[in-house]
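Below: one structure, written as structure tokens.
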Amino acid sequence: MIKSSFRLSIIISGFIISTMSCTNGDNKPDLNAAEAEVLPDNIVELRDDQIKLADIQTGSVEMRSVSNTLKVNGIVSVAPQSQATVCMPLGGFIKSTALLPGNTVKKGQTLAVIENQDFVDIQQNYLEAKNKLVFAEAEFKRHTDLFKDDVYSEKNVQQVTVEYKNLKALVRSLEQKLFLIGISPDQLTEENISNKVNLVSPINGFLKAVNVNIGKYVSPTDILFEIVNSEKLFLELTLFEKDADRVVSGQKIKFFINNETDEHEALISQTGKSVSADKTFRVYGTVTSSCKNLLPGMYVNALIEESELKVTALPADAVVSFDDKDYIFVYEKEKEEAGKAMTEYRIFEVKKGVTSSGYTEITLPDGFDVNSAKVVVKGAYKLLSAKKNAGEMAC
């Protein structure tokens, strides 16, 4: 019995010693373990493989011409000299026409043939007056010469002179009537008198409206054709009076039509000189680019570029926003951590200005070294994401 108790005591003692030995081993501090690095709030770091995956690229701050823009609306218009309303001064019946709205016409092209008996009377009167003028001119010269030789009295010469000048005035007035209806007096003879005349286009362009048909009688006040030359278009833009001091002649305009992505260009040619009752005024711009789909009356969205200034700027993707503040990332240094190559980037708060042509104006903090700074120009949002969400791109 005594031997059994002694043997049990030895076993229990061995177990306690073994347990204490294990406990002491577990609590022994690991002197080789590295302390976890605590990064400042304005630093974010990435491994080389993360940088490659995020396609992080750096560049430098540039001095660029960045212009502010003014967003306005308007319509496409045509200058008065680029549109024409065609009428027939003496009226008549439409004998023939073969044109439809949208057809292209050239200056001098026949739009319609018009018939009127009055055309015959004008031509007849002109030719008769012209023939009489030939005789009256000869009589005037003969009587003038005879008067110089004291053969004819002054009264006879005055009578002949009056008749000559009256016929001359009549011929000239009938010439103008012929021009009015489209007949050339120089080409008119007794053999080619006609009751028809050709109504021709006064300008190049396309037909906006055709208001005729065969057999229709038209009066001098009827509008028969409307022609528009779309080669010289301009914009009529509407601005609020508060923006009057922001536009001057010569400023560039970029505009878009029909929700298209194609960009068209124009230049401000004239600004309005008065403000309308709704507190707006007009600005006119000459279209400088070739626009196939641009037609008068179209609605446009336009951007007026204000005066350009040299400012510090970065590509628009280099500036990120968070909590209503704007930031950029700048390369800080390279290091090695746990056998892995790491790169640190420092965060700088900046003030963002206007954006133009893919570049954004920025105001840098005091003491920022523009010449040596390597700014992240691509992948800045990945760095912001890594800073905000440690789990997504944690180092």
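Side notes on the structure shown:
- Region 159-179 residues that are in contact (Cβ under 8 Å) with a residue 24 or more places away in the chain and within 18 Å of residue 116 (Cα to Cα), paired with ones that are outside any helix (DSSP H, G or I) and among the β-branched types (Val, Ile, Thr) (beta carbon under 9 Å, 6 or more apart): 177/183
- Residues in region 72-129 that are out of contact with any strand residue (DSSP E or B) (no Cβ under 8 Å at 6 or more places or on another chain) and within 30 Å of residue 305 (Cα to Cα) were compared, and the one that is surrounded by the most Cβ atoms within 10 Å (Cβ to Cβ) is 81.
- Filtering region 61-82 to residues that are touching a helix residue (DSSP H, G or I) at 6+ places or on another chain (Cβ under 9 Å) and in a strand (DSSP E or B) leaves 70, 72.
- Looking across region 86-107 at every residue that is assigned to a loop (DSSP other than H, G, I, E, B) and touching an Asp or Glu at 6+ places or on another chain (Cβ under 7 Å), the one that is nearest to residue 177 (Cα to Cα) is identified as 90.
- Being buried (at least 19 other Cβ atoms within 10 Å of the Cβ) and in a loop (DSSP other than H, G, I, E, B) is a property that does not hold for residue 223.
- When the criteria are applied in full, residue 287 meets the requirement of being out of contact with any Gly (no Cβ under 8 Å at 6 or more places or on another chain) and in the same structural domain as residue 270 (by TED's automatic domain parsing).
- Residue satisfying condition, being of a type outside the set (Lys, Arg), touching a residue at least 40 places away in the same chain (Cβ under 8 Å) and not in a strand (DSSP E or B), within set 262, 243: 243
- When residues of region 345-378 are limited to those that are modelled with pLDDT of 90 or more and touching a helix residue (DSSP H, G or I) at 6+ places or on another chain (Cβ under 8 Å), the one surrounded by the fewest Cβ atoms within 10 Å (Cβ to Cβ): 378
- Meets criteria (of a type outside the set (D, E, K, R) and surrounded by 19 or more Cβ atoms within 10 Å (Cβ to Cβ)) for residue 240: no
- One residue alone among 156, 211, 192, 166 is under 43 Å from the mean Cα position of the chain (by Cα) and of a type in the set (S, T, N, Q), and that residue is 211.
- Residue in region 162-182 that is assigned to a helix (DSSP H, G or I), in contact with a Lys or Arg (Cβ under 7 Å, 6 or more places away or on another chain) and hydrophobic (A, V, I, L, M, F, W, C) present: yes
- Pick from region 151-161, criterion assigned to a loop (DSSP other than H, G, I, E, B) and of a type outside the set (A, V, I, L, M, F, W, C), ranking: modelled with the lowest pLDDT: 152
The values are calculated or read from the model by the stated rules, or taken from the named source; none is laboratory data. In this text the structure is predicted, and so the values were computed from the model without any measurement. A quick note on method: Cβ atoms are made from the backbone with ideal geometry, for glycine too, and the neighbour counts reach across all protein chains shown.
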